[in-house]
Amino acid sequence: MSLGETLASAATLLHGLPRRREGLGEARAAVAAWAARNAAHAPQLVVDERPDSPLVGYDLLLDHPGGGTLALTVEPEDGLPWAVAYSSHWASCLALTVNGQDLSLRQALRALRTYTGRAATVTDALVEHCLLLEAAAGEQITQAEAQEAADAIRRSRGLLTAAQFTAWLAATGLSTYDFQQEAEQTARVLRFRRRKEAELAPVHLAVHRHDFDEVEAVWVTSTLPLPPEALPEAPAPARPAGELPEPLRAAVTGLAVGPLPYGEGYLTGLVRSRLPADPEQALPAAGRAAFRQWLAGRRTTARVRWH
């Protein structure tokens, strides 16, 4: 077989190789069979297993009869060889690294779609996501917990049938293995979070007991000081005291607060009624609040590198 015929045959081979990670074994077997028929060119397969994608890329290296090596690449999707795609920077697929925990651009986008925390900015949300992955890495989960997480992810994205789920995988470029890994990761984070909330809740409740009282309160904020007579007289909905402006959270019932400096202006308020928190009922909310504080504290001390 001439060199031209060999290259044509090699191109046909590469074009037919499976492009998803789960087909890698099949691809290697096909190349091995082809290489046995073209041993004179000492074929070698080079595989690009992309860290941010379920897809793989291939190069085929061949000895040239006149010396040196030929490298053949076939890219059926976008026509951009993987060596060129990686040429700009080694970390081109990464969004950030937090305490050594890498997060790819693809993972970052998925994290933002499902993030339910209270971080003030997108960047804070991604850092917190990495911190949770780091903290939960050692959690041992059961098969039932992984299945529960998988079901929750599907429901949150409206994937209620097998056909919808299959179409979503195809649209996102995920394999069933990738989805399983995401579900297990989610289950580990949930297990860690539940354990940490239970650990932090009692102390937080003891220190911030008034934040969990059920109160009816009214207040106004203004650029100029307003007297208590300016407060609205209409009934106000009951809410946890921790949701009030800070000056009102521990205020004495029936005693007006302010006007006093608040933010860029002034606040005047009144707690009309207060029902003390039931410790047993308030414990879960205390755990959630304590966890948010713990995570925010970790974020302020994390080693963050944006790529």
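Here are a few things to note about the model shown:
- Restricting segment 1-65 to GluC sites (Glu not before Pro) that sit in a DSSP loop and have at most 11 other Cβ atoms within 10 Å of their own Cβ leaves nothing.
- Sorted largest first, the spans of the alpha carbon positions of the chain along the three principal axes are 98, 43, 34 Å.
- 10 Å Cβ shell holding at most 13 others, DSSP loop, trypsin sites (Lys or Arg not before Pro): longest site-free stretch of the chain: 119-302
- Full extension of the chain between His307 and Leu169 yields a length gain of 47.0 nm, computed as 0.36 nm times the residue separation minus the alpha carbon distance.
- Computed on the Cα atoms alone, the convex hull of segment 141-228 gives a volume of 211 cubic angstrom per residue.
- Carbon plus sulfur fraction of accessible area for segment 222-262, probe 1.4 Å, in percent: 63 percent
- Couplings 3J(HN,Hα) for segment 128-138, derived from phi with the Karplus relation 6.51 cos²θ - 1.76 cosθ + 1.60 (θ = phi - 60°), are 5, 4, 5, 5, 5, 4, 5, 5, 8, 4, x Hz, where x marks Gly and Pro.
- Seen against the Cα atoms of the chain and their longest principal axis, helix 143-156 is set at about 80 degrees.
- Using alpha carbons only: equivalent-ellipsoid semi-axes of segment 224-307, gyration tensor based, whole Å: 32, 21, 9
- Dimensionless Rg over Rh [segment 19-63; C-alpha; Kirkwood]: 1.03
- For segment 161-307, projected area of the alpha-carbon convex hull averaged over all directions, nm²: 14.8 nm²
- Taking label positions 7 Å along the Cα-Cβ direction at both Glu229 and Thr161, the computed distance is 6.7 nm, reported to one decimal.
- Potential lengthening of the chain between Gln147 and Glu264 amounts to 37.2 nm, from the contour at 0.36 nm per residue minus the alpha-carbon distance.
- Protein accessible area in segment 129-191, 1.4 Å probe - carbon and sulfur %: 54 percent
- Relative contact order (%) - criterion: Cα under 8 Å, at least six apart; region: the chain: 15 percent
- Per-residue surface analysis assigns Tyr266 an accessible area of about 80 Å², computed on protein heavy atoms at 1.4 Å probe radius.
- Each residue of segment 281-298 is assigned a 3J(HN,Hα), and the resulting list reads 6, 7, 4, x, 5, 5, x, 5, 5, 5, 5, 4, 5, 4, 5, 4, x, 4 Hz, derived from the Karplus form 6.51 cos²θ - 1.76 cosθ + 1.60 (θ = phi - 60°), x at Gly and Pro.
- Full-stretch length increase - Leu61, Asn99 - with 0.36 nm per residue and alpha-carbon distance subtracted: 9.9 nm
- Leu275 versus Ala39: modelled label distance in nm, points set 7 Å from Cα along the beta carbon direction: 8.5 nm
- Summed over the residues of segment 159-255 and divided among them, the accessible surface reaches 60 Å² per residue at a probe radius of 1.4 Å.
The values are calculated or read from the model by the stated rules, or taken from the named source; none is laboratory data. Worth saying up front: this structure is predicted, and the values here are computed from it rather than measured. Here Cβ is always computed from backbone atoms with ideal geometry, including for glycine, and neighbour counts include all displayed protein chains. Heavy atoms of the whole protein, side chains included, go into the accessibility calculation; ligands, DNA and RNA do not. Shrake-Rupley method; radii C 1.70, N 1.55, O 1.52, S 1.80 Å.
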